[in-house]
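Notes follow the structure.
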Amino acid sequence: MCGIVAYIGKKEAYPILIKGLKRLEYRGYDSAGISLVNQGLKVYKCKGKVSDLEGFAAGKDISGSVGIGHTRWATHGEPNDVNAHPHFSGNENLAIIHNGIIENYDSLKKELIQRGHTFKSDTDTEVLIHLIEDVQANENLPLAEAVRVALTQVIGAYAIAVLDKNDPEVIIGAKKGSPMVVGLGKDEYFLASDATPIVEYTKDVVYLEDEQIVELRPGHEIKIRNIENEVLTPYIQELELHLEALEKGGYEHFMLKEIFEQPKSIADSMRGRFHVESSDVSLGGIIDYEQKMATAKRIIIVACGTSWHAGLVGEYLIEDLARIPVEVEYASEFRYRNPIVHEDDVVIAISQSGETADTLAALELAKSKGATIIGVCNVVGSSISRITDAGSYTHAGPEIGVASTKAFTSQVTVLLLMALRLAHKKGAIPESRFQRILAALEKIPQQVEETLKSAALVEHISAEYKDARNFLYLGRGYNFPVALEGALKLKEISYIHAEGYPAAEMKHGPIALIDEEMPVVVIATSKGSYEKVISNIQEVKARKGKIIVVVTKGDKTAAELADHVIEIPETEEELVPILASVPLQLLSYYIAVMRGCNVDQPRNLAKSVTVE
Ligand code: G6P
């Protein structure tokens, strides 16, 4: 979390930084700030969003062609003006922006206080810039060297950019644990948490690795050293990101745009990866590890949030189709509970951003124990995709709305392909079933398109329940993770308490909550445990709960029992989660809009959680 952006060149830095911060706002929006080199160092920062910063900076001197900008998701210190970044050093000669956590900030702070430093904020970041200042002054070092030496004393995660009033022609960046990409333009450099602030200026980028320090001086080559002070050759890559993917394209919110993009994003996830005629699935990225995966004693899936829900669908798919035992773990629990991991285990990390700190740490742990690690990430070049042995990108395109939608359906699509590939390799399912699923998969983008036509109906249902205080989501089998995901979407963006439950478990607790005030969303599609779900619906109805069902087109039984019916096209059971998620995404979206919530930037959340 936290987004950082920096520019050095000949253009005015301010508009580039502001635009960049707006692109990075998905990473946090508690406060925003910029620093510009302009006859000294200016810092403008305030609590709130980037638009608040614009208001704050209006009328002030914002000229200058060197600057850094930050949008914050608070960790140390409450979100207020003082704790906003950038932070000055004590002598106000240096300014820093930071994404990450300096874990030993407290002991460093105490030492610095003893040496006469005083601090204005509660942040770990201010401690780091004082440390750099201290090193620079005591050892009389140039900025890049002072940053490097200071970082040798730091424990934790960081992506930082530093400006020096006395050397206004340079920006120093460094990273460990948090992402950082450098854009190389003509006589100008950019630096950011991801490539979105850079893409419209240059396609040439360098992704920094951990413990690397970069020196950006226009007119000079980019200089990269590691923390041991060895000079490294930059690996310049070409960006494959397109600007249109970062715009709202006429939709009111990114979330709605991303929901409606799903026919395309799902098609992109499966493009070139299977052929119905030749009855073949191939995932290039894991080809060398297929054997290892197919013969694994166990697959462990680690993930957080929505990606964890995709992991649950993955468990059902891999066990059902490929007959390999699967465990799904919250990455944050897995990493700290001393798990048993063997060398013949395969650990799959699922992550839209590829940057989630807990997922990354869980993978590192699995790797240290000798397991094979596989990634299912959306962001190309992300930290997780770089540390894994192999992986399959989801290719859903940039997802900007904080609540994940198209990334989820693409994750499920890729996991299905993986399960099918492993099943085929092992000969675990009959050819006829394999072909049936492939044929159904081919139709999915078109069927998602059809499902999206229910938007007006879902909007109508939303109006009826927008003031509910609680929601219950029920599903069985493949639809249980869909229920969890539906509930999470509603919680995240509309702030209505919602619980997802396996339908049969309802009678062991949540049934006590049901009365005429309680909307219950039941995914009751035709295959799997249909009759059993019908009994669960009866149980809700007997207690006067309001029933919203998602059913297979043409269903009569569930529809007759329900207050509201949303139909999805018929497909194979394994593919239902993709279709059934769509109306639930729409339901949460419309309810949130009707409640006046900020759909794309829900309170307290961030899209990419790079702290634990
Ligand atoms: C945050 C986001 C969620 C996301 C989760 C995991 O909580 O708000 O939408 O599912 O992180 O993120 P990842 O990038 O690893 O999928």
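The values are calculated or read from the model by the stated rules, or taken from the named source; none is laboratory data. All of these numbers come straight from a predicted model, not from anything done at the bench. All Cβ positions, glycine included, derive from the backbone under ideal geometry; neighbour counts span all protein chains shown. Calculation scope for accessible area: heavy atoms of the full protein, side chains included, ligands and nucleic acids excluded. Shrake-Rupley method; radii C 1.70, N 1.55, O 1.52, S 1.80 Å.
Things worth noting here:
- Looking across region 335-352, the residues that are open to solvent by 10 Å² or more (accessible area, probe 1.4 Å) and within 16 Å of the ligand (Cβ to nearest atom) come down to Arg335, Gln352.
- Flag for Arg476 being in contact with a Gly (Cβ under 9 Å, 6 or more places away or on another chain) and away from the ligand (no atom under 16 Å from the Cβ): yes
- Of all the criteria given as (1) surrounded by fewer than 19 Cβ atoms within 10 Å (Cβ to Cβ); (2) at pLDDT below 95, the one not satisfied by Pro398 is (1).
- Neighbours by Cβ (under 9 Å, 6+ apart or cross-chain): first from region 91-109, farther than 10 Å from Val127 by Cβ; second surrounded by fewer than 19 Cβ atoms within 10 Å (Cβ to Cβ) and among the aliphatic types (A, V, I, L, M): Asn91/Ala137; Glu92/Val43; Ala95/Val43; Glu103/Ile155
- Residue check, Glu442 in a helix (DSSP H, G or I) and either of a type in the set (S, T, N, Q) or over 21 Å from Phe254 (Cα atoms) (or both): yes
- Residues that are assigned to a loop (DSSP other than H, G, I, E, B) and either out of contact with any helix residue (DSSP H, G or I) (no Cβ under 8 Å at 6 or more places or on another chain) or among the polar types (S, T, N, Q) (or both) were ranked within region 562-586; the one that is surrounded by the most Cβ atoms within 10 Å (Cβ to Cβ) is Thr571.
- The listed residue being charged (D, E, K, R) and within 16 Å of the ligand (Cβ to nearest atom), out of Glu442, Glu499, Glu485, Glu505: Glu485
- With respect to (1) open to solvent by 30 Å² or more (accessible area, probe 1.4 Å); (2) among the polar types (S, T, N, Q); (3) touching a His at 6+ places or on another chain (Cβ under 6 Å), the lone exception for Ser282 is condition (3).
- The sole residue among Ile113, Ile96 that is at pLDDT 95 or above, surrounded by fewer than 20 Cβ atoms within 10 Å (Cβ to Cβ) and among the hydrophobic types (A, V, I, L, M, F, W, C) is Ile113.
- A single member of Leu513, Leu605 is open to solvent by 10 Å² or more (accessible area, probe 1.4 Å), within 16 Å of the ligand (Cβ to nearest atom) and touching a residue at least 40 places away in the same chain (Cβ under 8 Å), and it is Leu605.
- Residues that are part of a loop (DSSP other than H, G, I, E, B), at pLDDT 95 or above and open to solvent by 30 Å² or more (accessible area, probe 1.4 Å), drawn from region 64-89: Ser65
- Close pairs from region 346-367: first at positive phi, partner assigned to a strand (DSSP E or B), Cβ under 9 Å, at least 6 apart: Gly354/Gly375; Gly354/Cys377
- Checked against the criterion of being among the polar types (S, T, N, Q), farther than 24 Å from Leu143 by Cα and assigned by TED's automatic domain parsing to the domain that holds Val170, the candidates Ser35, Ser51 yield just one match: Ser51.
- Test for Gln237: is it more than 16 Å from the ligand (Cβ to nearest atom), touching a Gly at 6+ places or on another chain (Cβ under 9 Å) and of a type in the set (S, T, N, Q): yes
- Residue within region 402-413 that is in the same structural domain as Met255 (by TED's automatic domain parsing) and without any contact (Cβ under 8 Å) to a residue 40 or more places away in the chain present: no
- Looking across region 587-602, the residues that are within 16 Å of the ligand (Cβ to nearest atom) and open to solvent by less than 10 Å² (accessible area, probe 1.4 Å) come down to Ser588, Tyr589, Ala592, Val599, Pro602.
- Number of residues in region 197-211 that are under 17 Å from Ala6 (Cα atoms) and touching a Lys or Arg at 6+ places or on another chain (Cβ under 7 Å) equals 2.
- Candidate set: region 252-307, residues that are away from the ligand (no atom under 16 Å from the Cβ) and either outside the structural domain of Gly375 (by TED's automatic domain parsing) or polar (S, T, N, Q) (or both); chosen: the one nearest to the chain's Cα centre (by Cα): Ser282
- Looking only at region 516-561, residues that are free of Cβ contacts under 8 Å to residues at least 40 places away in the same chain, of a type in the set (S, T, N, Q) and assigned to a helix (DSSP H, G or I) come to 3 in all.
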